[in-house]
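> First, the structure itself, so that you have it in front of you.
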Amino acid sequence: MWLALATLSAVFAALTAILAKIGIEGVNSHLATAIRTVVVLVMAWGMVFLTNAAGGIGAISRKSWLFLVLSGFATGASWLCYFKALSMGETSAVVAVDKLSVVFTLILAVLFLSEQFTLKSILGALLITAGTWLMIR
């Protein structure tokens with residue numbers, strides 16, 4: 001099931017880039033990000049209430065709150081940079097560079113989560129980096 005959901009995530013991410021590139025024309029990138037964020041906020045809380053998950057708020061630890069809030073700041077910074085880049089560059093190049101997040105995530109997971117580099121992960125990271133280089137050249 002995770003593979004199907006991850007694939008749908010990739011499809012929706014692709015749609016996000018195309019729809020955003022069309023929608024951002026003539027719109028300030030920060031304003032566009034804010035509009036998109038409101039839609040995401042409504043959808044996320046809609047799912048919380050639809051699945052009756054709101055009762056779990058009180059059980060969230062301080063540590064989880066801290067890291068979820070920090071993750072939110074990272075997401076916001078990512079979206080602001082992404083929309084600004086999208087307003088300035090070609091969609092295919094911006095999206096390719098954005099996907100370097102896979103490589104950065106691998107490095108950070110090794111540094112902070114004690115995950116291991118494997119030959120497969122190193123090769124994958126190198127191929128993603130090479131693919132990104134080809135896409136922006």
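The values are calculated or read from the model by the stated rules, or taken from the named source; none is laboratory data. Keep in mind that what you see is a predicted model, and the values were worked out from it rather than measured. All Cβ positions, even for glycine, are placed from backbone atoms using ideal geometry, and neighbour counts span all protein chains on display.
> Hey, does region 81-97 have a residue that's in contact with a Phe, Trp or Tyr (Cβ under 8 Å, 6 or more places away or on another chain), within 19 Å of residue 18 (Cβ to Cβ) and either in the same structural domain as residue 17 (by TED's automatic domain parsing) or among the basic types (Lys, Arg) (or both)?
No, the conditions are met nowhere in region 81-97.
> Just checking, does region 40-57 include any residue being in contact (Cβ under 8 Å) with a residue 24 or more places away in the chain and either of a type outside the set (S, T, N, Q) or within 27 Å of residue 104 (Cβ to Cβ) (or both)?
Within region 40-57, none of the residues are in contact (Cβ under 8 Å) with a residue 24 or more places away in the chain and either of a type outside the set (S, T, N, Q) or within 27 Å of residue 104 (Cβ to Cβ) (or both).
> List pairs: first residue in region 118-137 and more than 19 Å from residue 93 (Cβ to Cβ), second residue of a type in the set (Val, Ile, Thr) and part of a helix (DSSP H, G or I) anywhere in the structure, Cβ distance under 9 angstrom, at least six positions apart or on different chains.
121/110; 124/102; 124/103; 125/102; 125/103; 125/107; 126/103
> Return yes when residue 65 is aromatic (Phe, Trp, Tyr) and within 30 Å of residue 135 (Cα to Cα) and no when it is not.
Here the answer is no, as residue 65 does not meet what is asked.
> Go over the candidates 60, 35 one by one and state the one that is in the same structural domain as residue 6 (by TED's automatic domain parsing), at pLDDT 95 or above, more than 25 Å from residue 11 (Cα to Cα) and not aromatic (Phe, Trp, Tyr).
Step by step, each of 60, 35 is checked, and only 60 is in the same structural domain as residue 6 (by TED's automatic domain parsing), at pLDDT 95 or above, more than 25 Å from residue 11 (Cα to Cα) and not aromatic (Phe, Trp, Tyr).
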